[in-house]
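The values are calculated or read from the model by the stated rules, or taken from the named source; none is laboratory data. Everything quoted here is computed from the prediction, not taken from an experiment. Using ideal geometry, Cβ is built from the backbone for each residue, glycine included, and neighbour counts are taken over all protein chains shown.
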Amino acid sequence: MVPQRILVVDDDALSRDLLTLLLMREGHAVEAVESGEAAVAHLAGAASLPGLVLVDLQMPGLSGNALAHTLRETAPGIPRLLAISASQPADEALNGFDGFLLKPFSMEALAAAIRHEAHPSPNHAASPNANVLNLDIYRKLETSMSPVKLAQLYELCLSDVRKRVAMMRGAAAEGDDTTYRREAHAIKGGCGLVGAVELQTIAASGENLGIVANHVATLDEFLLACDRLERMLVANKQFNAS
């Protein structure tokens, strides 16, 4: 794929930072904003337009179809506007976009989407024994950053999960199903990008089911899965150092 300027629009800090890292590793010039409103303001004041805008479909505030149409009105010369999400959307949700990518996606899938080609989504293609961590994704990240940065990335992921699980507990106590599902969706997206398969799977179930009678057990399982991921990361680090 020919290097180009890319604008990433994603409210989840972990997803935003990781996408920026992976795209820059491929030679692209990347800018990132945290909301639809920020994207509109960014493009309205830009001296020139990026060649591609990647937009998370599920964000608070201006998002989805409304954001796609607003971006095209604000910057009618955008060459390519792609929706991204950790969940498969309904077809009507993609009106106004040129294509869709399911998180986590490979750079090959991104290149195919830019060329208007179909490409299989890789986010469920875990290594055969990787129930906790997708080692294929881990190895790719390992080759793109220093050991310190890699450790910091996973620490950020785990900290984010634990913070969101606490928010899900509060939401469950108040019967706030919308917040409960939203936080589960955010966990699913961030964990998918770093290959945290078990956490991604638990989060997908939480997003789909919402608050259920045994939600306390589900939230406790999140924390146990965090512990298992930490142990596996330590084991990988020790193996690589030996």
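Step by step: first the residues of region 1-20, then only those that are in contact with a Lys or Arg (Cβ under 9 Å, 6 or more places away or on another chain) and under 12 Å from residue 107 (Cβ atoms), then the one that is surrounded by the most Cβ atoms within 10 Å (Cβ to Cβ). Which residue is that?
19
If the Cβ limit is 6 Å and pairs must be 6+ apart or interchain, which residue in region 36-57 that is surrounded by fewer than 23 Cβ atoms within 10 Å (Cβ to Cβ) pairs with which residue that is among the aliphatic types (A, V, I, L, M) and assigned to a loop (DSSP other than H, G, I, E, B)?
37/62; 43/75; 49/75; 49/78
Which count do you get for residues in region 16-45 that are out of contact with any strand residue (DSSP E or B) (no Cβ under 6 Å at 6 or more places or on another chain) and closer than 22 Å to residue 66 by Cα?
Count: 10.
How many residues are assigned to a helix (DSSP H, G or I), surrounded by 13 or more Cβ atoms within 10 Å (Cβ to Cβ) and in contact (Cβ under 8 Å) with a residue 60 or more places away in the chain if we restrict to region 143-161?
Of the residues in that region, 9 qualify.
Yes or no: residue 15 of a type in the set (S, T, N, Q), touching a helix residue (DSSP H, G or I) at 6+ places or on another chain (Cβ under 6 Å) and touching a residue at least 12 places away in the same chain (Cβ under 8 Å)? Reasoning before the result, please.
Values: of a type in the set (S, T, N, Q): yes; touching a helix residue (DSSP H, G or I) at 6+ places or on another chain (Cβ under 6 Å): yes; touching a residue at least 12 places away in the same chain (Cβ under 8 Å): yes.
Yes.
Kindly indicate whether residue 80 is surrounded by fewer than 17 Cβ atoms within 10 Å (Cβ to Cβ) and more than 21 Å from residue 194 (Cβ to Cβ).
no
With surrounded by fewer than 18 Cβ atoms within 10 Å (Cβ to Cβ), over 30 Å from residue 110 (Cα atoms) and modelled with pLDDT under 90 as the only criterion, which of 217, 173, 235 stands out?
That would be 235, the only listed residue that is surrounded by fewer than 18 Cβ atoms within 10 Å (Cβ to Cβ), over 30 Å from residue 110 (Cα atoms) and modelled with pLDDT under 90.
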